[in-house]
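Before any comments, here is the structure.
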Amino acid sequence: AAKSTRGNQYRLYRPNMEEVNDKWLLLETKLHQALKKDVLELHYQPKINLKTNKVIGMEALLRWHDPDLGYMPPDHFIPFAEECGLINDIGVWVLRKASAQVRAWNQVHNLNLRVAVNISPIHISTTGFVDMIHEVIAETNIDPHFLEIEITEMSMLDYTEDLINTIKQLRALGITISLDDFGTGYSSLNYLKTFPVDVLKIDRAFVRDIVPEKSGIAMISAMISLAHALNLQVVAEGVEEEAELNVLREHGCEYVQGYYFSKPLSVEDFTKLIVDSNM
Ligand code: C2E
Ligand code: MG
Ligand code: MG
Ligand code: MG
């Protein structure tokens, strides 16, 4: 907060380092407890095949409601968790939870839904990541073909041979790898030649630009063409309008996700969707 006084017009409020440390410690303690007490939640946003209009799977998204702090958006606490070292435990928790849930949905309702989990570049670069995935698969009994890992394009900034090897091993298991937030991160597309991914997720920033601006359509069209030239499938995220959907369909985008079809849903609501839509 800025405080203005006579003669000293703008005296910027300087956070006292002790206060900052206290806040961080509180947040860290709370996040740690939330994880331990299993009060974090996952919501699931359907992904739709544009050719068939059917739900083919979902993205698992973290939800954290703290009694004192209120709703904490993942955009805020994930970077924090990366910083304070909780991100790997969170990632394992999400993988376990999402795999068990989708395995149950598929079994009970006789479906072939694939669940996508967001994994931090820090976590996927950790030694033992592939072993941990093996454990989660064994524990939850999920068919790896129903598991997808989303990593952000930012992960490619300083990728290593090790990361490429990890991704190759995951794909060899049957796991799908997606490049999240495509178009927002890296200025060079060179990494796309080297990186063994399956899916490009076009960031909502580009989807939002589609209508009525013409250059927006040109961008989307070029991104889809690029993906297809590289044998990648395309998911567009953040689709809210029918007009956006039509442009995406026209340009051959395979899958969409967004409020137009559905917000991320609680387990209960996703179950209703499965039952009601007779998928
Ligand atoms: P993301 O992976 O790119 O996820 C898409 C975000 O867009 C989600 O926000 C989703 O709720 C939101 N969204 C979906 N459709 C629409 C739409 O039509 N319009 C608008 N305006 N938004 C839409 P959310 O759930 O707040 O998550 C934000 C980010 O936090 C995610 O971006 C992801 O980077 C991160 N995140 C969420 N859950 C996890 C997790 O379990 N692990 C990690 N490492 N990161 C996560
Ligand atoms: Mg994602
Ligand atoms: Mg994204
Ligand atoms: Mg994002």
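The values are calculated or read from the model by the stated rules, or taken from the named source; none is laboratory data. Keep in mind it's a predicted model, so treat the numbers as computed, not measured. Cβ coordinates were reconstructed from backbone atoms using ideal geometry, including for glycine residues, and neighbour counts include every protein chain displayed. All accessible areas refer to the heavy atoms of the entire protein, side chains included, with ligands and DNA or RNA removed. Shrake-Rupley method; radii C 1.70, N 1.55, O 1.52, S 1.80 Å.
Between the beta carbons of LYS54 and LYS23, assuming R0 = 41 Å, the FRET efficiency works out to 0.35 to the nearest 0.05. The candidates TYR44, TYR71, arranged from most to least accessible area with a 1.4 Å probe in the full protein assembly, appear as TYR71, TYR44. Each part reduced to its alpha carbon centroid, segment 231-263 and segment 31-101 end up 22 Å apart.
For the residue pairs LYS30/LYS54; LYS37/LYS263; LYS168/LYS201; LYS47/LYS193; LYS37/LYS168, alpha carbon separations beyond 31 Å are given by LYS30/LYS54; LYS37/LYS168.
Structure remark: mean-square fluctuation, Gaussian network model of the chain, C-alpha springs under 10 Å; the largest value among GLY91, GLY238, GLY128 belongs to GLY128.
Counting only protein heavy atoms and a 1.4 Å probe, the chain has 54 square angstrom of accessible area per residue.
If you build a Gaussian network model of the chain, linking Cα atoms that sit under 10 Å apart, which residue out of LEU232, LEU35, LEU69 swings the most? The residue that fluctuates most here is LEU69. In this simple spin-label approximation, ALA229 and HIS76 carry label points 7 Å from Cα along the Cα→Cβ vector, and these lie 4.2 nm apart.
List the GluC sites (Glu not before Pro) within segment 134-222 that fall in a DSSP loop (any state other than H, G, I, E or B) and whose Cβ has at most 14 other Cβ atoms within 10 Å. Within segment 134-222, the qualifying GluC sites (Glu not before Pro) (loop, at most 14 other Cβ atoms within 10 Å) are GLU213. Share of antiparallel DSSP beta bridges in segment 12-166, in percent to the nearest 5? So the antiparallel bridges amount to about 60 percent of the total.
Label-to-label distance, ASP38 versus ASP276, with points set 7 angstrom from Cα along the beta-carbon direction: 2.8 nm. Cross-link partners of LYS36 among aspartates and glutamates, defined as those whose alpha carbon lies under 18 angstrom from its own and excluding same-chain residues fewer than eight positions apart: GLU28, ASP66, ASP68, GLU82, ASP89.
Evaluate segment 35-150: find the radius of gyration of its Cα atoms, find its Kirkwood radius, and give the ratio Rg to Rh. With Rh from the inverse mean 1/r over Cα pairs, Rg/Rh is 0.98.
Accessible area of MET279 (1.4 Å probe, protein heavy atoms only, ligands and nucleic acids ignored): about 60 Å². If the segment from ALA243 to SER215 were pulled out straight at 0.36 nm per residue, it would be longer than the present Cα-Cα gap by 8.6 nm.
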